[in-house]
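As structure tokens, the structure follows; a few thoughts come after it.
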């Protein structure tokens, strides 16, 4: 029995997330599948899971390399536009907590959307929205977690690894997915009160007050992180005293 069938057999305690589950051996991208199903009228909470995807993507259009045996899925959400900025922090919390519950491995959150264990990236989160006539139609949440990699790709900004490297036991994908989805359902039911979610996320990031080396596009910056605001933006105070605000980028190094 595959892990998705096991999940369905055992059941998940959710009200919205997972009302429909589509499972594929191979797709181009789980996010693209959700976009198509959303436009066809599928309800909020739809999940598309794939054993492998051949055209996965990450932040800023980067390729997301994958292979069978990992956890690759996307979720359809239809929040009010008033709460869209809390989605990414909320998803990060839910995934980190789900990993800890299922594997007893502590995951660190790296601004803005990376999932790290001992400075190794083991997963990422990507959000894409659809807007028509200035009205938010829906949001697709893509989540990719490395559970077992045959080869660990290189990256100039961080190490890449997998959960099995840090877990005492082989990761049970069905249990891990169940924990993440139940967390997501619980937090999403409280999205209309975003302040506690933002505060929890900022505490998990633990970056405010730290000095960092940071890249945004081709530019490099150094300075002190003086805030993470309610939209998830990072405020960086450089040596000149100038404060610059960033919505995305890569933290290359954190100083004491």
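Every number in this text was worked out from the coordinates using simple rules, so none of it is lab data. What you see is a predicted model; the values in this text were computed from it and never measured. With ideal geometry, Cβ positions are generated from the backbone for all residues, glycine too; neighbour counts draw on all protein chains shown.
A few notes on this one:
- Against the main long axis of the alpha-carbon atoms of the chain, helix 194-205 sits at an angle near 70°.
- Rounded to the nearest 10 degrees, the angle from helix 30-39 to the longest Cα principal axis of the chain is 70 degrees.
- Spin-label pair residue 128/residue 229, simplified geometry with 7 Å Cα→Cβ offset, distance in nm: 2.8
- Under a Gaussian network description of the chain, with springs only between Cα atoms under 10 Å, the residue in 50, 239, 38 that fluctuates furthest is 239.
- Once the Cα atoms are used to define both axes, helix 87-103 deviates from the longest principal axis of the chain by about 70 degrees.
- Size descriptor, Kirkwood hydrodynamic radius, that averages inverse alpha-carbon separations across region 3-204, Å: 17.0
- With contributions of -39500 (n - 2.57) from each DSSP H run of at least four residues, the per-residue ellipticity at 222 nm computed over the chain stands at -8000 deg cm²/dmol.
- Among 24, 188, the order by Cβ neighbours within 10 angstrom, fewest to most, reads 24, 188.
- Segment residue 101-residue 213, length gained on full extension (0.36 nm per residue, minus Cα span): 37.1 nm
- Label-zone membership for region 192-207, site residue 80, 7 angstrom Cα→C-beta point, backbone N under 16 Å: 192-197
- Among 33, 219, 200, a tally of other beta-carbon atoms within 10 Å of each Cβ gives an order, fewest to most, of 219, 200, 33.
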